[in-house]
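Everything on this sheet refers to the single structure shown next.
The values are calculated or read from the model by the stated rules, or taken from the named source; none is laboratory data. Worth saying up front: this structure is predicted, and the values here are computed from it rather than measured. Glycine also receives a Cβ, built like all others from the backbone with ideal geometry; neighbour counts cover every protein chain displayed.
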Amino acid sequence: MKIVEFLKQWFYGSEDPLSYPNDFAIVDFSRISLRLGVKDDRNKVILRYFVNRFGNFELKKYRYSEERVHLLKEVHKIPVFDKTKLDLRFPVYSRISPGEAKFIIAR
């Protein structure tokens, strides 16, 4: 058994295990607001991941408010990552050249 472990370490190197905090939160836009391209505080959600009593990660969704984020950070000491501060770029599906545009004149 030690030989197999030695060979794994020799070929693959030592693997550092991923460590996540037991409780963390992510602020993100809702799926509907991402689809419609709306950026506003009313369209944000707080996704809170925590370890339940069985040892599995569980997800709770909350509506966004600055007070709730402050409460999670300062009172409960939960790390909160705000993905909405990053620059969002929406995909471009097609481009229209000026020759393809049609103008309608109403009389």
| request: Report yes if Tyr12 is within 26 Å of Leu71 (Cα to Cα), of a type in the set (Phe, Trp, Tyr) and out of contact with any helix residue (DSSP H, G or I) (no Cβ under 8 Å at 6 or more places or on another chain), otherwise no. | output: no
| note | Restricting attention to the stretch 62-73, the residues that are under 19 Å from Ser33 (Cβ atoms) and either surrounded by 10 or more Cβ atoms within 10 Å (Cβ to Cβ) or at pLDDT 95 or above (or both) number exactly 6
| said: Let me spell it out: the conditions are (1) at pLDDT 85 or above; (2) in contact with a strand residue (DSSP E or B) (Cβ under 9 Å, 6 or more places away or on another chain), and Lys39 meets all of them except one. Which number is the exception? | reply: (1)
| query | What are the residues in the stretch 1-41 that are touching a residue at least 12 places away in the same chain (Cβ under 8 Å) and either among the basic types (Lys, Arg) or farther than 30 Å from Lys77 by Cβ (or both), if any? | reply | Gly37, Lys39
| query | Taking only pairs six or more apart or across chains, which ones have beta-carbon atoms under 7 Å, a first residue in the stretch 76-100 that is closer than 30 Å to Glu66 by Cβ, and a second residue that is modelled with pLDDT of 70 or more and loosely packed, with under 10 Cβ neighbours inside 10 Å? | reply | Phe90/Gly37
| message | Take the residues in the stretch 7-35 that are exposed (fewer than 10 other Cβ atoms within 10 Å of the Cβ) and hydrophobic (A, V, I, L, M, F, W, C); name whichever of them is modelled with the highest pLDDT. | response | Ile32
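Applying the selection to the stretch 74-99, what residues are farther than 25 Å from Arg35 by Cα and at pLDDT 75 or above? Steps first, please.
Restricting attention to the stretch 74-99, the residues satisfying the condition of being farther than 25 Å from Arg35 by Cα are 74-79, 98-99.
Correct list: Glu74, Val75, His76, Lys77, Ile78, Pro79.
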